[in-house]
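What follows is a set of notes on a single structure, which appears directly below.
The values are calculated or read from the model by the stated rules, or taken from the named source; none is laboratory data. Everything numeric in this text was worked out from a predicted model, so none of it was measured. Cβ placement follows ideal geometry from the backbone for every residue including glycine, while neighbour counts extend to all protein chains displayed. Quick note on the areas: whole protein, heavy atoms, side chains included, nothing else; ligands and nucleic acids left out. Shrake-Rupley method; radii C 1.70, N 1.55, O 1.52, S 1.80 Å.
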Amino acid sequence: MNVDFKWIEYKNILSVGAKSIRIDLEGYKKTLITGHNGAGKSTSIEALTFLWFGKAFRDIKKGLLVNTLNKKGLLVEGEIQVGNKLIYAKRGIKPDVFEISVNGTPVDKMASVTEFQQ
C-alpha cells in the first residue's frame, strides 16, 4: 500500500524557532531537500519521525528535540494519504499534544498508543 506524504509543518524543534516551517510534499513525484551544513535538512527528518513515530530519528531522547532557546512549544503537524484514508496528525512537547484524525474524524483519545500508531 502506498503512503503519500502531503505536508509537514513544524516549530520549536532543534534549531528551528517559534516561526513555523511548512514543507508541501504533494504535487511532485519526488521532493529533494538540499542546503548547506546546518541549514535544517536533518531537522525535517527529525520532525517527520517525531510526528509519525513519537521519537527522534537519531539516537537521542525525544525531550532533546525541543528548541533549547524557547524550551517549550515543540509542535509538528502533517498529513499523509494511505489508500483512501487521509490521516492528519499533530504531536507536541511542552505541552504534550497528540491528535490523530482519519478523513476528518478524530480518533478516540481513549484508544491505546498501539492503536494510534497503527
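Taken as a whole, the structure places E79 among residues that are closer than 15 Å to D4 by Cβ and either in contact (Cβ under 8 Å) with a residue 24 or more places away in the chain or surrounded by 14 or more Cβ atoms within 10 Å (Cβ to Cβ) (or both). Filtered by the rule that a residue be part of a loop (DSSP other than H, G, I, E, B) and in contact with a Leu (Cβ under 7 Å, 6 or more places away or on another chain), region 1-16 gives N12, L14.
Yes or no, residue by residue, for (1) of a type in the set (F, W, Y); (2) open to solvent by less than 80 Å² (accessible area, probe 1.4 Å):
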| position | (1), (2) |
| --- | --- |
| R22 | no, no |
| L25 | no, yes |
| L32 | no, no |
| T43 | no, yes |
| L48 | no, yes |
| W52 | yes, yes |
| K55 | no, no |
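For region 44-67, a residue qualifies if it is touching a helix residue (DSSP H, G or I) at 6+ places or on another chain (Cβ under 8 Å) and within 20 Å of V3 (Cβ to Cβ), and the qualifying residues are E46, F50, F53, G54, K55, F57. In summary, N70 fulfils each of the numbered conditions (1) more than 15 Å from the chain's Cα centre (by Cα); (2) farther than 23 Å from V3 by Cα; (3) open to solvent by less than 60 Å² (accessible area, probe 1.4 Å) with the single exception of condition (3).
One residue stands out among those in region 85-108 that are part of a loop (DSSP other than H, G, I, E, B) and under 14 Å from K6 (Cβ atoms): the one that is most open to solvent (accessible area, probe 1.4 Å), which is N103. Scanning region 21-63 for residues that are modelled with pLDDT of 90 or more and either part of a strand (DSSP E or B) or β-branched (V, I, T) (or both) yields I21, R22, I23, D24, T34, T43, I45, T49, I60.
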